[in-house]
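Notes follow the structure.
The values are calculated or read from the model by the stated rules, or taken from the named source; none is laboratory data. Quick caveat, the model's predicted, so the values are computed rather than measured. Virtual Cβ from ideal backbone geometry, glycine too; neighbours counted across all protein chains shown.
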């Protein structure tokens with residue numbers, strides 16, 4: 001029988017994100033927010049989003065680590081008042097960046113929830129191929145699990161930056177060109193374009209036409225309103 005913990009966490013991570021606002025922001029409010037986003041980002045932070053893309057599902061954040069357009073792994077990140085939860089898969093456990101030194105039977109479990117409480121102690125829950133969950137270990141210190149990089153620190157840093165920007169999605173697809181899209185709403189997109197010459201020749205005319213529907217509000221920054229809201 002699945003535990004209450006898994007029944008609660010999985011829907012939170014996977015349910016569709018719904019807007020709670022009662023009214024749509026005005027065009028000026030969108031533009032003011034776009035300028036605020038630009039002013040909060042430096043070159044290092046912009047470069048971060050070439051490697052980390054973001055999506056939201058319910059109260060959780062989906063962070064996708066990429067190498068060019070190859071997905072290395074996905075992390076489902078949820079922070080509540082007293083607990084931070086990280087839902088990860090086997091390829092994350094084996095990643096070089098956040099290598100897990102704690103021995104886990106990945107032939108039995110393929111998904112894992114790492115829960116960090118306010119006291120800094122970690123509980124590891126494994127989910128097997130039948131959807132059954134088991135507590136693998138608890139009351140672990142973070143240094144008992146991750147000897148080098150700490151994924152909680154990294155994702156907390158990314159999450160705080162995302163919250164300060166107030167965006168719902170961040171997307172970079174290198175094969176299209178060196179540009180990063182920040183979704184302010186489902187239809188309002190702020191795009192950082194390092195150089196139009198980086199646009200893929202196969203799609204260049206289409207993207208130039210697409211960007212021309214918006215306006216350049218700062219150098220290298222385009223703000224446009226989509227004809228239709230994104231449907232993901």
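Numerical summary
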| item | result |
| --- | --- |
| In segment 93-114, the residues that are in contact (Cβ under 8 Å) with a residue 24 or more places away in the chain and either surrounded by fewer than 18 Cβ atoms within 10 Å (Cβ to Cβ) or not in a strand (DSSP E or B) (or both) | 95, 97, 98, 99, 100, 101, 102, 104 |
| Residue tally, condition touching a strand residue (DSSP E or B) at 6+ places or on another chain (Cβ under 7 Å) and surrounded by fewer than 19 Cβ atoms within 10 Å (Cβ to Cβ), over segment 117-135 | 7 |
| Number of the condition not met by residue 156 [criteria: (1) surrounded by fewer than 17 Cβ atoms within 10 Å (Cβ to Cβ); (2) farther than 20 Å from residue 48 by Cα; (3) touching a residue at least 60 places away in the same chain (Cβ under 8 Å)] | (2) |
| The lone exception for residue 102 - which of (1) closer than 25 Å to residue 216 by Cα; (2) at pLDDT below 95 it fails | (1) |
| Residue 143 under 30 Å from residue 100 (Cα atoms) and exposed (fewer than 15 other Cβ atoms within 10 Å of the Cβ) | yes |
| Any hit, segment 182-194, residues being farther than 16 Å from residue 167 by Cβ and surrounded by 13 or more Cβ atoms within 10 Å (Cβ to Cβ) | yes |
| Qualifying residue in segment 153-160 (condition: more than 21 Å from residue 76 (Cα to Cα), out of contact with any strand residue (DSSP E or B) (no Cβ under 6 Å at 6 or more places or on another chain) and modelled with pLDDT under 95) | no |
| Qualifying residue in segment 164-175 (condition: without any contact (Cβ under 8 Å) to a residue 60 or more places away in the chain and at negative phi) | no |
